[in-house]
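Visitor: Below are the C-alpha cells for one structure; questions will follow.
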There are 2 protein chains.
Amino acid sequence: MRAPRPSPEELVEQLLAGDRRALARTLTVLENDAPAAARCMQRLHAHTGRAYILGVTGPPGTGKSTLVNELAKVYRQRDNRVGIVAIDPTSPFTGGAILGDRIRMRDLAGDDGIFIRSMATRGSLGGLARATADVARALDAAGFDLIVVETVGAGQSEVEIARTADTVLVVEAPGLGDEVQAIKAGILEIADVLVVNKADRDGVKHTVRALRAMLDLGVAPRTIVHHGQWMPAVSAPESANAWSPPIVETVATQGTGVGKLVEAIERHRAHLAESGEGARRKRMRIAAELETLLRESLMDRLMQQVGRDGLDGIVERVVAREIDLYAAARLLTGE
Amino acid sequence: MRAPRPSPEELVEQLLAGDRRALARTLTVLENDAPAAARCMQRLHAHTGRAYILGVTGPPGTGKSTLVNELAKVYRQRDNRVGIVAIDPTSPFTGGAILGDRIRMRDLAGDDGIFIRSMATRGSLGGLARATADVARALDAAGFDLIVVETVGAGQSEVEIARTADTVLVVEAPGLGDEVQAIKAGILEIADVLVVNKADRDGVKHTVRALRAMLDLGVAPRTIVHHGQWMPAVSAPESANAWSPPIVETVATQGTGVGKLVEAIERHRAHLAESGEGARRKRMRIAAELETLLRESLMDRLMQQVGRDGLDGIVERVVAREIDLYAAARLLTGE
C-alpha cells in the first residue's frame, strides 16, 4: 500500500523540520500546482527573508554552470548551506532538463549542505518566473544561506529572473562572436559583478577591454554612479550609494580566480547592506513577484469564467474575420 | 509649423494606400501605444490574412540575420514583397536596437519591396509578443507577401514568438559548444525546416549527424509522424499529415544552399495547404495572440483600478511579513 499523499501543509511542516525529501516534493508542487503552491507559500512566508540570493546569467557557452559549482564549493567551505536553482534552456514541449543535475552532481553529490534544482522553461513565462521565485523562497525557508539562481541570459525572461537577485553576476567569455556581443550590451546593465570566464582563452584582454568600453559608453549599471575607472562620468546623486561593477577574470574549470570572485561578491553584499540598496532591491523584487502572480491569477480566473469552449467560439469569430483580436479581448473581459 | 499628428485611423488609411512612411509610423504606434494599437488593428484586421509568415530562430552566432537577408533576396527575385521583423537581443532598460537595420540595410536598401523593422526586447514579454504579432499583421495589411519574424532562440519568449509562424526555420551551426547544444534540443521541436548554416566550417558533418540523432531520439516535430529517414519510428495517425523536417546545409555569407532552402520552405508551405495543418496553425496563432492580449489588458485594468499607491501599500505589507504574496494577490484582485 502506498502512503497517502501529504497535503501542502504537511509537506511544509516536514520541510521546515529539515526533511530533504519533503523539500524536493514541495519544490515539485511549487513548479506544477499553482493552487497548492499558494497553500505552501502561505505557510513558508514567515520563515523566508534570511537567504542571500545570487543571480548568475550570461550568454550560452560562457561556462556558467562550472563557475556556479566552484562558487558553491567555496561557500560550502565557509559553512554556508547552498541552494542552486538552474533554469535550463530546454524544451517548451517536453520540459526535460538537459543540463543541470547530471553534470553538477559529480562534484557536489552526497553533501547535505547543497541542494540543486533544475527547472525547465516549460509552461508560460509568467509561470516560470513565479515558480522560480517560490522555489528560491522555499530554499530560504529550508535554511539555505546562499541561493544561486542561474539562467542563460539571452532571452529577456532569463534576464528578468536574474535581476530579482540581491547580487547579479554576468558571465562573459572571450570569442563568442558578434551576435553574442550584442546580447552582452543588454545584460551588462544588470551586472553588479562582471566575470570573464575562460580567461585562459585567446582574446581575454580584448574581451575585458570591450566590456570596459561598453561600460564607458554609458551602459548604465543598476545604480547609476560615477565611481571607479570603468564608469561613465554621469552625475552621482548619492555617492554613498556608489558601486562600480568590477570585472573579475576566472578559469572555472581550474578554479582560478574564484577566490577573487567571492571577494567581489562579498564586497557587493556589504555595499547592499551599508547603502540601503539591499532593502530597495528587496522591495523591487517583491513588487515584481506580485505583478507576475497577479498576471497569472487574473488569466486563470478569466479562463475559469469563460471556459475552453467560450474561448474557442471567440477564436472562431476572429478566424472568420467577424471581429478583430482587440474586440475579442473586450468581449471576453466584459469591457 | 509642424503638421498635426495623424490619428491612428488616418495613419492606417495612408498605410493601406501604400504610404511607406505611414507604415513606419503605424509600427511605432503598435510598439509603444496599446490603446492606439487597438484602434489601428481594428481598421487593419479586414486587410490581413494574406501573408505567409516565416519564423526564423536559433542560438546566437549561427548567422541568422545573413541568412534572412539571402532569403529576402531570393523572394524579391520572385516578385514577392518581403517584410522582416527582427527581434533584437538588446537592453531591457535602454531598449536600443543594436543589430538589425544597420547591418542589413547595406544589401537591401533602396528596394521598395523590402521593409525591415527591428524590435527591441523592452517592456514586458507579453507586450513584445503582442507588438510583434501586430507588426506582422500590419505588414500583411500593407501588402507584404512574405513576413520573416527573426528571433534569437535561446529564451522561451523568442521560441514562443517564432512558433506562431506558418513555417519555422531553426538555424544551427557547427561548433557552438555544449550549452548551445542543450538549447538546440528545445528548439528542434518547433522546427519545420532545420538549417545548418556556416556549413563550410569544420564539424558540419558532426552537427548534421547530431541533429539527426536528436530527431531519432524522439525530439518530436510539431506534427508527430513517421516519414522520411530522420524521423523516429512513432505511430503516424494520419499519414496525409506527414511532414519530416529536412536538414538543409547553407553558407549564407556566400549564398550557398539558399536555393535549396527556399525549395524546402516552399515544400512545407504546400504541405500546410494540402494537409489542413496551415488552417490549424492559424487558429492556434490567433488563440495564442488573444491570450497574450488578454493577459496584458487584464493587468492594465487592474493597475488602473488599484493605482500605484495601492500597489505600493500592499508591497509594504508583504515586506513587513504581514501577508504573503498569494494573500496580497487575492487582496488586489478582490477574491
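Visitor: Starting with the fewest neighbours, write out A:ARG43, A:ARG317 ranked by other beta-carbon atoms found within 10 Å of each beta-carbon.
Guide: With the sparsest Cβ surroundings first, the list reads A:ARG317, A:ARG43.
Visitor: Apply the Karplus curve 6.51 cos²θ - 1.76 cosθ + 1.60, θ = phi - 60°, to the phi angles in the stretch B:134-150 and return the couplings in whole Hz, x for Gly and Pro.
Guide: Residue by residue, the stretch B:134-150 yields 5, 4, 4, 5, 5, 5, 4, 4, 7, x, 7, 7, 10, 10, 9, 10, 10 Hz.
Visitor: Could you give me the ³J(HN,Hα) list for the stretch B:242-259, computed from phi with Karplus coefficients 6.51, -1.76, 1.60 and θ = phi - 60°, whole Hz, x at Gly and Pro?
Guide: So the Karplus estimates, Gly and Pro as x, are 5, 8, 10, x, x, 10, 10, 8, 9, 10, 4, 4, 10, x, 5, x, 5, x Hz.
Visitor: I've got another one for you. Return the Rg/Rh value of the stretch B:249-318, two decimal places, where both radii are evaluated on C-alpha atoms and Rh is the Kirkwood radius.
Guide: Result for the stretch B:249-318 is an Rg/Rh of 1.39.
Visitor: Got the B:ALA273 label distances to the other copies yet, label 7 Å along Cα→Cβ, in nm, shortest first?
Guide: With the label placed 7 Å along Cα→Cβ, B:ALA273 yields 6.9 nm.
Visitor: Moving on to the next point. Count, for each residue of B:45-56, the Cβ atoms from other chains sitting within 10 Å of its Cβ, then give me the mean as a whole number. List each step's numbers first, then the result.
Guide: Values: counts 8, 2, 1, 2, 2, 0, 0, 0, 0, 0, 0, 0.
For peptide B:45-56, the averaged partner shielding equals 1.
Visitor: Provide a whole-number value for the mean count of partner chain Cβ atoms within 10 Å of the Cβ atoms in peptide A:26-38.
Guide: 1
Visitor: Additional query: Rank these for me by crowding, A:ILE87, B:ILE265, going from fewest to most other beta carbons within 10 Å.
Guide: Going from sparsest to densest Cβ surroundings: B:ILE265, A:ILE87.
Visitor: How about A:LYS73: which lysines have a C-alpha closer than 16 Å to its C-alpha, ignoring those fewer than 8 places off in the same chain?
Guide: A:LYS64, A:LYS260
Visitor: Then there is this: Taking B:ASP112 in one copy and the same position in all the others, each labelled 7 Å out along Cα→Cβ, what are the pairwise distances from the first, in nm, shortest first?
Guide: Those separations, rounded to one decimal, come out as 7.7 nm.
Visitor: Here's another thing I want to ask about it. Which aspartates and glutamates have a Cα lying under 17 Å from the Cα of A:LYS205, excluding residues fewer than 8 positions away in the same chain?
Guide: A:GLU172, A:ASP178, A:ASP216, A:GLU249
Visitor: Which residues' amide hydrogens lie under 5 Å from the amide hydrogen of A:VAL196, considering only partners 5 or more residues apart or on another chain, with H built in the peptide plane?
Guide: A:GLU172, A:VAL248, A:GLU249, A:THR250
Visitor: Label position 7 Å from Cα toward Cβ: report the copy-to-copy distances for B:ALA242 in nm, one decimal, ordered from shortest.
Guide: In nanometres, ordered from closest: 7.1.
Visitor: In whole Å and largest first, what semi-axes does the C-alpha gyration tensor of the stretch A:295-335 yield when each eigenvalue is scaled by 5 and square-rooted?
Guide: Working: eigenvalues 71, 25, 11 Å².
Semi-axes (√(5λ), whole Å): 19, 11, 7.
Where a number appears in this text, it was derived from the coordinates with a stated rule and is not lab data. Quick caveat, the model's predicted, so the values are computed rather than measured. Here Cβ is always computed from backbone atoms with ideal geometry, including for glycine, and neighbour counts include all displayed protein chains.
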